[in-house]
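The structure appears right after this line, and notes come after that.
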Amino acid sequence: MADVKRICLLPGDGIGPEIAAEAVKLLEAIGELEGVTFELTEALLGGVAIDETGSPLPDETLAEARDADAVLLAAIGGPRWDTTDPARPRPEQGLLGIRKALGLYANLRPVKLFDALTDASSLKREALEGVDMLIVRELTGGLYFGESAREADVDGASADGSPGMLAYDTMVYTEAEIERIARVAFEAARKRRGKVHSVDKANVLESSRLWREVVHRLHAAEYGDVELLDQLVDNTAMQLVRMPAQFDVIVTENMFGDILSDEASMLTGSLGMLASASLGDGTALYEPSHGSAPDIAGQGIANPLAMLLSVELMLRYSFGMDAAADRLAAAIEVTLAEGWRTRDIADAWTLPQRTVGTSAMGDLVVERLRAPR
Ligand code: NAD
């Protein structure tokens, strides 16, 4: 029987449909080369879903997503739907809603420097040599999901000592939540260079002390072959710019991961190059780390590479097609090494005739993928 993989494609808003078209082109080529049929179903999410149905996450979209083997999202949002009125729907609700509904507790962000783009980074070339890390961020617990509230008329809470307002957020983790994210990190490390940095704030936070205990317990019981190092989050923030090549896999809680992954994204020089995978117990979701770039939407100049790298992650984590993923990564590497650039990653050395638009960049990658090996 033919090997069929069902993908729910969510093109979304802004440059979303432009970069989604390149992913479709790429999947057709990979399907032919690998003897796999990718069955794509398009669904609505974000602003476009609000326009057509009134909801940023229509029920049909969620049903399609649950039914698929993987979800591939381009980008959502834009000024057209910006509102401060809490009663009106916002595109981001679609994204948070689908993550929650699919139970996506692990966010994986690879940060790999492409040799050809070293000069696009804000760090010096020497500091960047060998940067190739995976940040595993816990996505459904911690400070962003703990109890939070404001209290009024609290004695002594205002600056002059009179009653005033206070607010609090709580960081809560269960052993089960910590163990399942640590497992994702150890498994990923086994497929990479076998090293995990577990990042916490165990010198101050009780939730971090539990984090450390659980990570070590799991390591001792099942992952003795993986090297485990603890690092305090403030130190990690510093090490990421001091010596980023020391990291293979970083695993950390939700807010630390949010901040560290944005910091690490700057190592590669461009948002247009970063993909992410969100994994849970059911269907996983793959998406570029950037947004819908409304400032360049409709011009055919968006960088499709983060979207194509999202396809690479999907091949690896949802379909177990590691060899095909490696070939795709190599095709992108070659395209860049030959000097092809979209405008966002072009520099003073880029030849004008090698500065290309979205669709041409997609074609170049597909051509190199098909090139005889
Ligand atoms: P953005 O990532 O869309 O854009 C930031 C800058 O990077 C812009 O100058 C843009 O032109 C550029 N850029 C981004 N992706 C690019 C690409 N592939 N090629 C070339 N240039 C690229 O962030 P923003 O401007 O803060 O947000 C715009 C909209 O996107 C907002 O509505 C925001 O809510 C939404 N957003 C969505 C997601 C998502 O879908 N996951 C993530 C972040 C922001």
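The values are calculated or read from the model by the stated rules, or taken from the named source; none is laboratory data. Because the structure is predicted, anything quoted here is derived from the model rather than measured. Cβ placement follows ideal geometry from the backbone for every residue including glycine, while neighbour counts extend to all protein chains displayed.
Residues in the range 135-157 that are in a loop (DSSP other than H, G, I, E, B) and surrounded by 13 or more Cβ atoms within 10 Å (Cβ to Cβ): Leu139, Thr140, Gly141, Phe145, Gly146, Ala157. Would you confirm whether any residue within the range 99-112 is at pLDDT below 90, more than 22 Å from Leu309 (Cα to Cα) and either under 21 Å from the mean Cα position of the chain (by Cα) or in the same structural domain as Asp13 (by TED's automatic domain parsing) (or both)? Scanning the range 99-112, I find at least one residue that is at pLDDT below 90, more than 22 Å from Leu309 (Cα to Cα) and either under 21 Å from the mean Cα position of the chain (by Cα) or in the same structural domain as Asp13 (by TED's automatic domain parsing) (or both), so the answer is yes.
For the range 284-340, taking the residues that are under 30 Å from Asp67 (Cβ atoms) and of a type in the set (D, E, K, R), the one that is farthest from the chain's Cα centre (by Cα) is identified as Arg327. Just to be sure before I move on: is Ala182 of a type in the set (A, V, I, L, M, F, W, C), outside any loop (DSSP other than H, G, I, E, B), in contact with a Leu (Cβ under 8 Å, 6 or more places away or on another chain) and under 18 Å from Leu260 (Cα atoms) in the structure I sent? Against the criterion (of a type in the set (A, V, I, L, M, F, W, C), outside any loop (DSSP other than H, G, I, E, B), in contact with a Leu (Cβ under 8 Å, 6 or more places away or on another chain) and under 18 Å from Leu260 (Cα atoms)), Ala182 qualifies. Here Tyr105 passes the criteria (1) over 18 Å from Ala264 (Cβ atoms); (2) among the hydroxyl-bearing types (Ser, Thr, Tyr); (3) within 16 Å of the ligand (Cβ to nearest atom) except the one numbered (3). Is at least one residue of the range 313-334 away from the ligand (no atom under 16 Å from the Cβ), farther than 21 Å from Leu27 by Cα, of a type outside the set (Asp, Glu) and part of a helix (DSSP H, G or I)? Looking for residues that are away from the ligand (no atom under 16 Å from the Cβ), farther than 21 Å from Leu27 by Cα, of a type outside the set (Asp, Glu) and part of a helix (DSSP H, G or I), one finds none in the range 313-334, hence no. If the condition is being within 14 Å of the ligand (Cβ to nearest atom) and either more than 24 Å from the chain's Cα centre (by Cα) or at positive phi (or both), then the range 348-373 contributes Thr355, Val356, Ala360. The set of residues in the range 121-147 that are closer than 19 Å to Asp281 by Cα and acidic (Asp, Glu) contains only Glu138.
Counting only residues that are free of Cβ contacts under 8 Å to residues at least 12 places away in the same chain and within 12 Å of Leu45 (Cβ to Cβ), how many does the range 81-124 have? So the answer is 1. Of all residue pairs spaced 6 or more apart or on separate chains, those with beta-carbon atoms under 7 Å, a first member in the range 154-180 that is farther than 30 Å from Val215 by Cβ and a second member that is among the polar types (S, T, N, Q) and surrounded by 11 or more Cβ atoms within 10 Å (Cβ to Cβ) are Gly164/Ser158.
Determine, yes or no, whether Leu33 is away from the ligand (no atom under 12 Å from the Cβ) and touching a helix residue (DSSP H, G or I) at 6+ places or on another chain (Cβ under 6 Å). Judged against the criteria, Leu33 is not a match. Of the residues making up the range 52-84, those that are over 21 Å from the mean Cα position of the chain (by Cα) and either of a type in the set (A, V, I, L, M, F, W, C) or within 14 Å of the ligand (Cβ to nearest atom) (or both) are Ala63, Pro79, Arg80, Trp81, Asp82, Thr83, Thr84.
With respect to the stated conditions, Ala202 fails to be within 17 Å of the chain's Cα centre (by Cα) and within 24 Å of Phe145 (Cα to Cα). The numbered conditions (1) modelled with pLDDT of 95 or more; (2) more than 27 Å from Ile15 (Cβ to Cβ); (3) part of a loop (DSSP other than H, G, I, E, B) are all true for Gly282 except (1).
Would you check which residues across the range 290-307 are closer than 19 Å to Thr355 by Cβ, touching an Asp or Glu at 6+ places or on another chain (Cβ under 7 Å) and within 6 Å of the ligand (Cβ to nearest atom) and list them? Listed by number, the residues that qualify are Ala302, Asn303. Checking each residue in the range 77-105 for being within 21 Å of Glu312 (Cβ to Cβ) and part of a loop (DSSP other than H, G, I, E, B) picks out only Leu102.
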